[in-house]
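Trainee: Below: one structure in C-alpha coordinates.
The values are calculated or read from the model by the stated rules, or taken from the named source; none is laboratory data. Treat the numbers as computed from the prediction; the structure is a model and nothing was measured. Reconstructed Cβ throughout: ideal geometry from the backbone, glycine too, with neighbour counts over all protein chains shown.
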(Lines give C-alpha, C1' and ligand atoms only; values in the text may rest on other atoms or scores of the structure.)
Protein backbone atom coordinates (compact mmCIF):
# COMPACT_ATOMS: atom_id res chain seq x y z
CA UNK A 1 0.00 0.00 0.00
CA UNK A 2 1.11 3.59 -0.68
CA UNK A 3 1.71 5.56 2.50
CA UNK A 4 -0.62 8.47 3.31
CA UNK A 5 1.73 10.53 5.47
CA UNK A 6 1.94 14.15 4.29
CA UNK A 7 5.15 15.01 2.45
CA UNK A 8 7.63 17.61 3.63
CA UNK A 9 8.01 20.59 1.27
CA UNK A 10 11.55 21.96 0.89
CA UNK A 11 12.52 24.95 -1.25
CA UNK A 12 15.95 24.16 -2.72
CA UNK A 13 16.59 27.84 -3.50
CA UNK A 14 16.26 28.83 0.15
CA UNK A 15 17.57 25.66 1.83
CA UNK A 16 19.96 24.13 -0.70
CA UNK A 17 22.29 22.31 1.71
CA UNK A 18 19.41 21.12 3.90
CA UNK A 19 17.62 19.87 0.80
CA UNK A 20 20.64 17.85 -0.37
CA UNK A 21 21.11 16.32 3.10
CA UNK A 22 17.44 15.41 3.40
CA UNK A 23 17.25 13.95 -0.11
CA UNK A 24 20.34 11.84 0.56
CA UNK A 25 18.82 10.59 3.82
CA UNK A 26 15.55 9.67 2.11
CA UNK A 27 17.41 7.88 -0.69
CA UNK A 28 19.42 5.78 1.75
CA UNK A 29 16.27 4.96 3.74
CA UNK A 30 14.49 3.67 0.64
CA UNK A 31 12.01 6.55 0.49
CA UNK A 32 10.46 8.28 -2.53
CA UNK A 33 10.61 12.02 -3.21
CA UNK A 34 9.96 14.58 -5.94
CA UNK A 35 12.74 16.88 -7.13
CA UNK A 36 13.53 19.31 -9.97
CA UNK A 37 15.96 18.32 -12.71
CA UNK A 38 17.44 19.88 -15.83
CA UNK A 39 14.30 18.79 -17.67
CA UNK A 40 11.10 18.38 -15.63
CA UNK A 41 10.25 17.40 -12.06
CA UNK A 42 10.99 13.77 -11.30
CA UNK A 43 10.22 11.06 -8.78
CA UNK A 44 13.47 10.03 -7.10
CA UNK A 45 14.58 6.93 -5.21
CA UNK A 46 17.28 4.26 -5.00
CA UNK A 47 16.98 1.98 -8.07
CA UNK A 48 18.53 -0.89 -6.10
CA UNK A 49 15.79 -0.75 -3.45
CA UNK A 50 12.97 -3.00 -4.70
CA UNK A 51 10.38 -1.51 -2.31
CA UNK A 52 11.18 2.03 -3.45
CA UNK A 53 10.92 1.09 -7.13
CA UNK A 54 7.65 -0.74 -6.51
CA UNK A 55 6.30 2.30 -4.69
CA UNK A 56 7.06 4.58 -7.65
CA UNK A 57 5.32 2.07 -9.94
CA UNK A 58 2.26 2.23 -7.66
CA UNK A 59 2.28 6.03 -7.46
CA UNK A 60 2.54 6.35 -11.25
CA UNK A 61 0.11 3.45 -11.72
CA UNK A 62 2.61 2.00 -14.10
CA UNK A 63 3.22 -1.59 -15.10
CA UNK A 64 5.96 -3.13 -12.97
CA UNK A 65 9.26 -4.16 -14.53
CA UNK A 66 9.91 -1.17 -16.78
CA UNK A 67 13.22 0.55 -16.13
CA UNK A 68 13.46 4.21 -15.20
CA UNK A 69 16.11 6.73 -16.30
CA UNK A 70 19.03 6.83 -13.87
CA UNK A 71 21.03 9.96 -13.08
CA UNK A 72 24.74 9.66 -12.31
CA UNK A 73 27.28 12.31 -11.35
CA UNK A 74 30.15 11.29 -13.60
CA UNK A 75 31.35 8.91 -16.28
CA UNK A 76 33.52 7.24 -13.63
CA UNK A 77 30.39 6.38 -11.65
CA UNK A 78 28.60 5.24 -14.81
CA UNK A 79 31.38 2.79 -15.64
CA UNK A 80 30.65 0.86 -12.44
CA UNK A 81 27.32 -0.23 -13.91
CA UNK A 82 27.68 -0.63 -17.68
CA UNK A 83 29.65 -2.39 -20.38
CA UNK A 84 31.60 -0.13 -22.71
CA UNK A 85 31.64 -1.33 -26.31
CA UNK A 86 34.12 1.18 -27.73
CA UNK A 87 36.30 4.17 -26.89
CA UNK A 88 34.08 6.14 -29.24
CA UNK A 89 31.25 5.80 -26.73
CA UNK A 90 33.39 7.23 -23.96
CA UNK A 91 34.34 10.18 -26.13
CA UNK A 92 30.66 10.66 -26.95
CA UNK A 93 29.66 10.73 -23.28
CA UNK A 94 32.29 13.38 -22.62
CA UNK A 95 31.04 15.47 -25.53
CA UNK A 96 27.32 15.25 -24.72
CA UNK A 97 27.11 15.45 -20.89
CA UNK A 98 26.06 17.15 -18.69
CA UNK A 99 22.93 17.74 -20.76
CA UNK A 100 19.30 16.63 -21.00
CA UNK A 101 20.22 13.60 -23.13
CA UNK A 102 19.50 10.15 -21.69
CA UNK A 103 21.26 7.15 -23.21
CA UNK A 104 20.21 3.49 -23.06
CA UNK A 105 23.29 1.37 -22.40
CA UNK A 106 24.09 -2.30 -21.78
CA UNK A 107 24.50 -3.09 -18.09
CA UNK A 108 27.39 -5.16 -16.82
CA UNK A 109 26.52 -8.62 -15.53
CA UNK A 110 26.54 -7.66 -11.84
CA UNK A 111 24.15 -4.74 -12.29
CA UNK A 112 21.99 -6.70 -14.71
CA UNK A 113 21.58 -9.50 -12.17
CA UNK A 114 20.60 -7.04 -9.43
CA UNK A 115 18.12 -5.02 -11.49
CA UNK A 116 16.78 -7.92 -13.54
CA UNK A 117 17.21 -6.11 -16.87
CA UNK A 118 19.96 -6.00 -19.49
CA UNK A 119 19.85 -2.30 -20.36
CA UNK A 120 19.07 0.99 -18.63
CA UNK A 121 19.04 4.67 -19.57
CA UNK A 122 21.55 6.99 -17.89
CA UNK A 123 22.14 10.74 -17.83
CA UNK A 124 24.51 13.23 -16.25
CA UNK A 125 22.14 16.16 -15.60
CA UNK A 126 22.95 19.81 -16.08
CA UNK A 127 21.39 20.86 -12.77
CA UNK A 128 23.09 22.07 -9.58
CA UNK A 129 20.83 20.30 -7.08
CA UNK A 130 20.84 17.00 -8.97
CA UNK A 131 24.60 17.01 -9.42
CA UNK A 132 25.25 17.84 -5.78
CA UNK A 133 22.92 15.09 -4.58
CA UNK A 134 24.26 12.34 -6.85
CA UNK A 135 27.83 13.43 -6.12
CA UNK A 136 27.07 12.90 -2.44
CA UNK A 137 25.46 9.54 -3.15
CA UNK A 138 28.02 8.22 -5.67
CA UNK A 139 25.17 5.99 -6.88
CA UNK A 140 22.47 6.21 -9.55
CA UNK A 141 19.25 8.09 -8.79
CA UNK A 142 15.90 7.30 -10.39
CA UNK A 143 14.49 10.11 -12.50
CA UNK A 144 10.99 9.61 -13.91
CA UNK A 145 8.38 12.22 -14.76
CA UNK A 146 5.87 13.25 -12.11
CA UNK A 147 2.56 12.02 -13.48
CA UNK A 148 0.20 9.08 -13.56
CA UNK A 149 0.86 6.63 -16.36
CA UNK A 150 -0.33 7.84 -19.77
CA UNK A 151 -0.90 11.40 -18.53
CA UNK A 152 1.10 14.55 -19.18
CA UNK A 153 4.02 15.29 -16.81
CA UNK A 154 3.33 17.88 -14.12
CA UNK A 155 5.65 20.89 -14.23
CA UNK A 156 4.20 23.20 -11.55
CA UNK A 157 5.28 22.57 -7.95
CA UNK A 158 1.91 23.66 -6.51
CA UNK A 159 0.02 21.17 -8.69
CA UNK A 160 2.46 18.40 -7.78
CA UNK A 161 1.97 19.18 -4.08
CA UNK A 162 -1.80 18.96 -4.43
CA UNK A 163 -1.66 15.67 -6.32
CA UNK A 164 1.16 13.75 -4.63
CA UNK A 165 1.79 15.17 -1.14
CA UNK A 166 0.14 12.15 0.50
CA UNK A 167 2.03 9.62 -1.61
CA UNK A 168 5.69 10.69 -1.36
CA UNK A 169 7.96 11.49 1.58
CA UNK A 170 9.19 14.90 0.42
CA UNK A 171 8.79 17.37 -2.41
CA UNK A 172 11.86 19.44 -3.24
CA UNK A 173 10.92 22.43 -5.35
CA UNK A 174 12.30 25.59 -6.88
CA UNK A 175 10.92 29.00 -7.71
CA UNK A 176 13.12 29.15 -10.80
CA UNK A 177 11.73 28.52 -14.26
CA UNK A 178 11.68 24.90 -15.36
CA UNK A 179 12.32 23.73 -18.90
CA UNK A 180 9.03 21.80 -19.18
CA UNK A 181 10.52 19.31 -21.62
CA UNK A 182 11.72 15.76 -21.10
CA UNK A 183 15.22 14.65 -22.03
CA UNK A 184 16.08 13.39 -25.48
CA UNK A 185 16.27 9.61 -25.17
CA UNK A 186 18.51 7.51 -27.42
CA UNK A 187 19.43 3.84 -27.47
CA UNK A 188 23.15 3.13 -27.81
CA UNK A 189 23.06 -0.49 -26.64
CA UNK A 190 23.63 -1.81 -30.17
CA UNK A 191 26.53 0.54 -30.86
CA UNK A 192 24.84 3.24 -32.99
CA UNK A 193 22.44 5.91 -31.67
CA UNK A 194 18.74 5.19 -32.22
CA UNK A 195 16.17 7.85 -31.33
CA UNK A 196 13.53 6.76 -28.82
CA UNK A 197 12.23 10.21 -27.84
CA UNK A 198 13.22 13.69 -28.92
CA UNK A 199 13.33 16.32 -26.20
CA UNK A 200 14.94 19.71 -25.87
CA UNK A 201 18.10 18.68 -27.74
CA UNK A 202 17.55 17.68 -31.35
CA UNK A 203 18.51 14.16 -32.43
CA UNK A 204 20.51 15.55 -35.35
CA UNK A 205 22.66 17.50 -32.89
CA UNK A 206 23.21 14.32 -30.87
CA UNK A 207 24.21 12.28 -33.93
CA UNK A 208 26.49 15.06 -35.10
CA UNK A 209 28.41 14.87 -31.83
CA UNK A 210 28.48 11.08 -32.04
CA UNK A 211 29.85 11.10 -35.60
CA UNK A 212 32.62 13.52 -34.60
CA UNK A 213 33.90 11.19 -31.86
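Trainee: Is there a residue in region 182-198 that is under 13 Å from residue 40 (Cα atoms), touching a residue at least 40 places away in the same chain (Cβ under 8 Å), more than 16 Å from the chain's Cα centre (by Cα) and surrounded by fewer than 17 Cβ atoms within 10 Å (Cβ to Cβ)?
Mentor: Among the residues of region 182-198, not one is under 13 Å from residue 40 (Cα atoms), touching a residue at least 40 places away in the same chain (Cβ under 8 Å), more than 16 Å from the chain's Cα centre (by Cα) and surrounded by fewer than 17 Cβ atoms within 10 Å (Cβ to Cβ), which makes the answer no.
Trainee: Please work out if residue 135 is out of contact with any helix residue (DSSP H, G or I) (no Cβ under 7 Å at 6 or more places or on another chain), in contact (Cβ under 8 Å) with a residue 60 or more places away in the chain and crowded, with 20+ Cβ neighbours inside 10 Å.
Mentor: So residue 135 does not fit the description; no.
Trainee: For region 115-187, please list each of the strands (runs of 3 or more DSSP E) lying entirely inside it that holds at least 1 residues being more than 15 Å from residue 35 (Cα to Cα).
Mentor: By residue number, 119-123, 184-187.
Trainee: Would you pick out the residues in region 57-71 that are touching a residue at least 12 places away in the same chain (Cβ under 8 Å) and touching a helix residue (DSSP H, G or I) at 6+ places or on another chain (Cβ under 6 Å)?
Mentor: 71
One line per residue, one yes/no per condition, for (1) in contact with a helix residue (DSSP H, G or I) (Cβ under 9 Å, 6 or more places away or on another chain); (2) under 14 Å from residue 122 (Cα atoms); (3) surrounded by 14 or more Cβ atoms within 10 Å (Cβ to Cβ):
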residue	(1), (2), (3)
8	yes, no, yes
22	no, no, yes
28	yes, no, no
33	yes, no, yes
40	no, no, yes
52	yes, no, yes
55	no, no, yes
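Trainee: Filter region 85-99 down to the residues that are modelled with pLDDT under 95 and more than 15 Å from residue 193 (Cβ to Cβ) and list them by number.
Mentor: 87
Trainee: If you don't mind, another one. Return only the number of the condition from (1) touching a helix residue (DSSP H, G or I) at 6+ places or on another chain (Cβ under 9 Å); (2) at pLDDT below 95; (3) within 18 Å of residue 19 (Cα to Cα) that residue 170 does not satisfy.
Mentor: (2)
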